[in-house]
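To start, the structure itself, in structure tokens.
Nothing in this text is a laboratory measurement; each read-out follows from the coordinates by a stated rule. What you see is a predicted model; the values in this text were computed from it and never measured. All Cβ positions, glycine included, derive from the backbone under ideal geometry; neighbour counts span all protein chains shown.
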Amino acid sequence: MREIREELNLRPFEGRTKVLLVRAAERFSEESGGAFLKTLEEPSPNTFIAMTAHTASGVMSTLVSRCVVFRIPQLPRAEILRALKERKAMAGPDADLLAGLSGGAMGRALATDLELARAIRTGIEEVFTRRPGPARTSQALRQAASMAQLYTDLKGDKDDPDNAAAADWLELLELSLRLWWRDAAVLGVSGDEALLEGPPPSAALRALARELTPESLAAFEAACGRMADSLRRFIRPDLVFENFWSAVLS
């Protein structure tokens with residue numbers, strides 16, 4: 001933030017104005033967001049600042065209150081599938097998966113690591129291939145341990161500000177979990193596979209669709225929110241992921 005402030009105080013070198021684009025503004029910590037607030041309140045002359053985020057609710061409220069919010073509509077799923085086919089020669093379940101995880105954002109669909117997305121979905125599926133009870137719980141705890149180890153490896157030193165890899169993985173995990181539960185809920189209510197946003201339903205997804213209740217959906221939403229918040233507060237990852245799976249399987 002200090003480097004950005006110093007640079008913005010310089011006059012434009014070529015054009016008449018300067019533009020600062022801040023991507024993924026929901027990643028601001030309280031410290032970095034507080035440091036950026038002064039710049040946002042009183043930008044230097046001839047400077048424009050734009051921030052992007054998946055949702056305004058995920059950005060510090062003090063920052064949002066200083067901005068004009070523009071909501072960009074989602075692209076149709078068919079358009080994203082067409083782009084994946086034309087630009088990456090991708091179709092079938094892999095394209096369905098990336099389109100489902102994109103949330104209607106073309107850039108995310110094209111940039112998402114397919115192998116990583118597959119691995120996360122496979123891990124979720126392995127939990128629900130087990131029957132409800134001890135077998136499913138045991139698999140969920142193994143999955144929690146795997147998630148915690150991967151997150152720890154990606155994050156490294158918690159005092160290191162450059163944790164983009166861990167943040168990207170956590171975002172993809174959240175998207176994957178929400179897509180899985182969303183499609184299970186839609187399938188359970190409607191039985192119409194055409195309404196699903198992800199790949200064709202597996203036996204594991206069908207099993208969850210038969211089990212879901214309004215209470216279990218509410219428990220998932222609460223657990224997903226706690227998981228992300230707890231990790232950002234540096235609570236031990238193994239405890240965070242164990243708590244998530246315990247909450248959604250209880």
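Before moving on, here are some points about what is shown:
- Using θ = phi - 60° in the Karplus curve 6.51 cos²θ - 1.76 cosθ + 1.60, the 3J(HN,Hα) couplings for segment 169-176 round to 5, 4, 4, 5, 4, 4, 4, 5 Hz; x is entered for Gly and Pro.
- Among LEU196, LEU40, LEU170: highest mean-square fluctuation, GNM of the chain, C-alpha pairs under 10 Å: LEU40
- Sorted by Cβ density within 10 Å, fewest first, the residues CYS224, CYS67: CYS67, CYS224
- The mean of 1/r over all pairs of different alpha-carbon atoms in segment 1-85, once inverted, gives a Kirkwood hydrodynamic radius of 14.7 Å.
- Each Lys and Arg adds +1 at its Cβ and each Asp and Glu adds -1 at its Cβ; summed about the Cα centre, the chain shows a dipole of about 340 debye.
- Residues with amide H under 5 Å from that of VAL22, placed H, sequence gap 5 or more: ALA50, MET51, THR52
- Percentage relative contact order, segment 2-64, counting C-alpha pairs under 8 Å, at least six apart: 44 percent
- Fewest neighbouring Cβ atoms within 10 Å first, the residues ASP192, ASP168, ASP113 line up as ASP192, ASP113, ASP168.
- Computed 3J(HN,Hα) for segment 211-225, one whole-Hz value per residue from the Karplus formula 6.51 cos²θ - 1.76 cosθ + 1.60 where θ = phi - 60°, is 8, 5, 10, x, 5, 5, 5, 5, 5, 4, 4, 5, 5, 5, x, glycine and proline marked x.
- Label-point separation in nm, ARG5 to LEU239, each point 7 Å along Cα→Cβ: 3.4 nm
- Evaluated on segment 84-195, the Kirkwood hydrodynamic radius is 15.6 Å, with distances taken between all distinct Cα atoms.
- Three principal axis extents describe the C-alpha atoms of segment 22-154; from largest down they are 60, 38, 25 Å.
- Using the Karplus relation 6.51 cos²θ - 1.76 cosθ + 1.60 with θ = phi - 60°, the per-residue 3J(HN,Hα) values for segment 226-240 come to 5, 4, 4, 5, 5, 5, 5, 8, 6, 6, 3, x, 4, 5, 5 Hz, with x marking Gly and Pro.
- Taking the helices alone, the chain has a mean residue ellipticity at 222 nm of -20000 deg cm²/dmol, built from -39,500 (n - 2.57) per DSSP H run of at least 4 residues and averaged over all its residues.
- Charge dipole magnitude, Cβ of K and R +1, D and E -1 - segment 2-64, Cα centre, debye nearest 20: 200 debye
- Descending principal axes extents, the chain, alpha-carbon based, whole Å: 64, 42, 31
- Near THR47, the amide H atoms lying under 5 Å from its own belong to LYS18; only residues 5 or more places off or on other chains count, and H is placed 1.01 Å from N.
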